[in-house]
Structures are given as structure tokens and as C-alpha cells.
Amino acid sequence: MTVGDVAKDLKVTPVTVRLWADAGRLAATRTAGGVRVFDRGTVERFKRRRAGLDAGVADAVERERRVEGDVDGDAEGSGDGVDAAAKRDVGAGRRSVSGRPGRRRG
């Protein structure tokens, strides 16, 4: 399978596939011309493992929210889904994750 084939199969960009291959997360071999090729079985195993990890992360987040009594993921309970720590940071004029300063409300 080519990088493009794998990207379509996994529903990611070809850049992501190359990064995974470079990091050793997804095994690839190279042809004599230097083109990466992926074994279909390896890709299928990676796909199943990735689906399990995605589901496991989602399950863990949901369990944590239930334990904390926080159904919508908003610790302050305003129901808007915005993390309480992010609200405090923006309110204090700290930079957001994007690196831009937060808006002050007043």
C-alpha cells in the first residue's frame, strides 16, 4: 500500500502517515526508488489498535466525568462545555493554547 492508500484507509492525511512511519508507530519499507510501502496486514492491525485506543480514551474520559459528576465536561457547571481552567486563564488575561491572549470580559 502507498502512503496515499494508507491515508485514505485510516482517514488521515498523507503527512500523518509519514510522521507515524518516521516515528516507528507504523512499519513501512522502502522500494529501491525510496518510496514507502506498507503491508496491508500491518495497516489493518494498526487500524484496529488505533480504534481500540480511541475508544479507550473516550471511555476513560467519560468515566472520569461521571465520577466527578460532570456530565457536560464543564467543571463549573455552566453547561457551555468550556473547561473551567481555560475560563480562569482567559479571565486572567493569560494566553490560550493557540498563543493568542484571551479576551477579557467585563
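No value in this document is a laboratory result; all are computed from the given coordinates. Please read these numbers as outputs of a predicted model, since none were measured by experiment. Here the Cβ is made from the backbone with ideal geometry for all residues, glycine too, and neighbour counts use every protein chain on show.
Out of the range 1-56, which chymotrypsin sites (Phe, Trp or Tyr not before Pro) are coil in DSSP terms and have no more than 11 other C-beta atoms within 10 Å?
none
Can you list the trypsin sites (Lys or Arg not before Pro) in the range 1-56 that are in a DSSP coil and have 10 or fewer other beta carbons within 10 angstrom?
Here the trypsin sites (Lys or Arg not before Pro) that fit, given the DSSP loop and packing criteria, are LYS11.
If I take every Cα pair under 8 Å that is 6 or more residues apart in the range 1-41, average their sequence separation and divide by the length, what percent do I get for the relative contact order?
The value is 41 percent.
Quick one: which residues, 5 or more positions from LEU26 or on another chain, have an amide H under 5 Å from its amide H? H modelled 1.01 Å from N in the peptide plane, none for Pro or chain starts.
The answer is ALA21.
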